[in-house]
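J.: Encoded as structure tokens, here's the structure I'll be asking about.
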Amino acid sequence: MAALSDKTHKIPLYARRTLGEKINAAIDFLRQNWRVALRFSIYLLLPLALIHSVGLYAFVRSITNDYYNSTDMGFLVSALITLLSMCLIYTLILTLFQYYQGSDDGDLSMLTFRDVKGQMWHNFKRTLIVMIPLVVLVIPLLLIAFVTLFVPFFSLIILVGCSILAFILMMVPVHYILENVTLGNAFGRSFGHARESWGKLLGLMLALLLVVWIIQSSTTIPMLVFVFATDNLTPSGATSGTLKMILDVILYIFLIIETFFGYLSMSLVITTLVYHYGSNAREQDDLAIASDIENFANL
């Protein structure tokens, strides 16, 4: 009975939370709905991970084998698929939140892909629209962050500023989807919330980077060990024919796991950002926007 009670306990979105409480709320949300979240992730993200890993494989092999001419192509494919994956992750998490907020007890266990595909397609189109200006804004941020590597005195300040700005931009799709506002209003509300709580956003950013690093390390370190071992410890000439094919298949499997875990860690990040948004809305807004989420089917 206790397990059932935990499963159906609805976590309020609009509540003031500390940094730790936001992360805990995100973990509780994903824990309560892990079956439906994992099922939908397999439907949407695993096929993309299979394709994404092909680009990453080409990128890794071009580096380890000094095939520099193919590095740019592998990187370009990975960048494009990363953009698509971010759209799908936002779509998945925000759609689940809309159904979660619209339910009586927060139980999504009976939710099927057929139930959500219409709303998910609607959210995907809106997320894709908001990603275009975000990419335009993020590219200069990446260039600035690269330049700061050569300016030691200002590098830390500029890097922190760019990181905060990047997290503010990551909040834009949350406002755009959950509040059903215009794109300009979504940008305005994201920056407005951040202006009142930039310190909390900085703390949340550092905490999430640590969490993502821990999750990713569980798959990245074994993969790097494998690549190092196959490239440096395998006797010369022993990686031809069947053995080379087996090693390449193992590397590809490692990359699939690495990529899919990366998607899952980003799901945790976006879920935490949603609860960060809910906490800011509780403190700064009149909560009238909650009705839009609860009646999202009519939007």
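J.: Calculate, in nm to one decimal, what Glu283 and Glu196 gain on full extension: separation in residues at 0.36 nm each, minus their alpha carbon distance.
T.: Length gained, Glu283 through Glu196: 30.3 nm.
J.: Now a separate question. Based on the mean of other beta carbon atoms within 10 Å per residue, what is the order of 30-43, 78-91, most packed first?
T.: The densest-packed peptide leads the list: 78-91, 30-43.
J.: Along the Cα→Cβ direction, 7 angstrom out, place labels at Leu83 and Ile139. What is the inter-label distance in nm?
T.: Modelled inter-label distance: 0.8 nm.
J.: Could you list Leu141, Leu255 in order of exposure, starting from the residue whose Cβ has the fewest other Cβ atoms within 10 Å?
T.: Fewest-to-most Cβ neighbours within 10 Å comes out as Leu141, Leu255.
J.: May I ask you to list the lysines whose Cα is less than 21 Å away from that of Lys125, ignoring any residue fewer than eight positions away on the same chain?
T.: By straight Cα distance, Lys125 reaches Lys117.
Readers should treat all values here as calculations from the given coordinates under stated rules, not as data from a laboratory. Keep in mind that this is a model prediction, so the values were computed, not measured. Note that we place each Cβ from the backbone using ideal geometry, even for glycine, and neighbour counts take in every protein chain shown.
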